[in-house]
Each structure stands twice: as structure tokens, then as C-alpha cells.
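Below: the structure, in C-alpha cells.
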Amino acid sequence: MKFVSSVLAAVLSLALVTAPAVHAEPSAPVTPQVTRAEMLQRAAGWLTADNGAQVPYSMEQFWVDGYRQDCSGYVSMAAKLGNVYPRGGPDTVALVSPRYTVPVPVAELKPGDLFIDAVDEPGPADFRHVVIFERWTTTDRTEYLAYEQRGGHGTDHRVLRYGLEPDSKYHAVRLRNIVD
């Protein structure tokens with residue numbers, strides 16, 4: 001009996017060692033690199049992607065390319081961050097995480113960097129948001145041109161001040177997959 005138990009234990013041990021690993025959640029795909037110029041070109045594409053009109057804003061809908069039609073889905077599309085896991089692209093909380101971005105001083109912003117507010121505070125007027133920095137519009141760097149996907153409008157390309165005001169909740173970040 002002792003011999004049979006030893007053989008059975010050896011067989012079970014071998015089965016456990018050679019069994020394939022099982023993961024509880026799918027692993028994230030490798031994020032491809034994107035150049036600054038390519039990111040801005042991809043962002044501009046949504047300005048006319050809807051038969052000459054901008055892509056409409058929606059937190060629930062997905063555009064034909066599979067990305068969510070909100071600000072973070074838009075940034076995910078422009079930055080080639082993927083739209084499968086998580087579905088529609090990373091949200092603003094994920095975008096500000098070290099997995100996707102690193103903080104950058106406002107004075108060092110380059111085209112394709114982001115201004116992001118990932119804090120959702122109580123109240124109807126507060127929401128998370130992210131925009132794509134293109135370039136400074138003033139020599140004193142008090143305004144900049146940006147791409148954004150915003151509620152009530154859709155894709156936009158306009159002058160902004162997000163992140164430049166004292167005590168702003170917006171922070172400048174650089175995508176890890178962006179290259180010059």
C-alpha cells in the first residue's frame with residue numbers, strides 16, 4: 001500500500017509540474033509605439049470621421065474603430081493603446097497610472113503629451129477629463145492648442161487653459177509609448 005501511495009504521489013507531482021499555467025485575467029497586449037506626429041494625425045482624424053463631422057461624444061457608445069467615444073477612449077485611439085482589454089481603451093484613472101504615463105513638468109510639454117484630471121469629486125459639475133496637448137498659442141505659455149473629446153460637442157481642436165490655473169486638478173503627463 002505504501003508503494004502505491006508513493007507512485008500515486010509521484011504521478012500527481014509530475015502532472016502539477018507539467019500543467020499549463022492558468023491566469024485569472026487576460027494579460028494586457030503589448031502597446032505599440034506611436035510618434036508624436038502620428039498621434040496628432042490620429043487625433044485629427046476624429047474631427048471629420050463621421051461623414052465630414054466630428055465623432056459624437058458618448059461614454060457608452062463605441063466608434064467604428066472599437067474605441068469608446070469619450071475623452072479617454074479618444075486618447076487611447078490616438079495613442080494606439082488598444083481597445084480590447086479594457087474594452088474601448090483605458091479610462092482616465094488607468095491613463096494616469098504608471099502603466100501608461102509618467103508625470104512631466106508643464107514647461108517640458110511636447111506635442112502629444114496630455115493634461116489629465118483623474119479625480120472625480122462629489123458634485124454634478126465635477127468629472128474626469130483628458131486632453132491632448134499640441135502646442136503653445138502664446139509666448140508666455142498661458143494657453144495651448146489641444147485635441148479633446150468633450151460632452152455636448154464631440155471631437156474638438158481648440159485653445160485651452162486646463163492645467164495652467166493655480167490649484168488645477170489637471171496634471172501634465174507623458175505617454176510611455178510615445179516617441180519623438
- Note on the structure: Ranked on Cβ counts within 10 Å of their own Cβ, fewest leading, VAL131, VAL173 go VAL173, VAL131
- By how many nm would the segment from GLN41 to VAL93 grow when fully extended, if each residue of separation counts as 0.36 nm and the alpha-carbon distance is taken off? 16.3 nm
- Message: 7 Å from Cα along Cα→Cβ at both GLU165 and ASP65: what's the point-to-point distance in nm?
- Response: 3.0
- Query: By how many nm would the segment from VAL106 to GLU121 lengthen if fully extended, with 0.36 nm per residue of separation less the alpha-carbon distance?
  - Reply: 3.0 nm
- Note on the structure: On the formula 1/(1 + (r/R0)^6), with r taken between the Cβ atoms of THR139 and VAL84 and R0 of 41 Å, the FRET efficiency rounded to 0.05 is 0.45
- Query: Where does each of 36-49, 70-83 land if you order them by average Cβ count within 10 Å, highest first?
  - Reply: 70-83, 36-49
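The numbers here are math on the coordinates, done by the rules we state, and not lab data. Since we're looking at a predicted model, the values are computed, not measured. Every residue, glycine among them, receives a Cβ derived from its backbone with ideal geometry; neighbour counts consider all protein chains shown.
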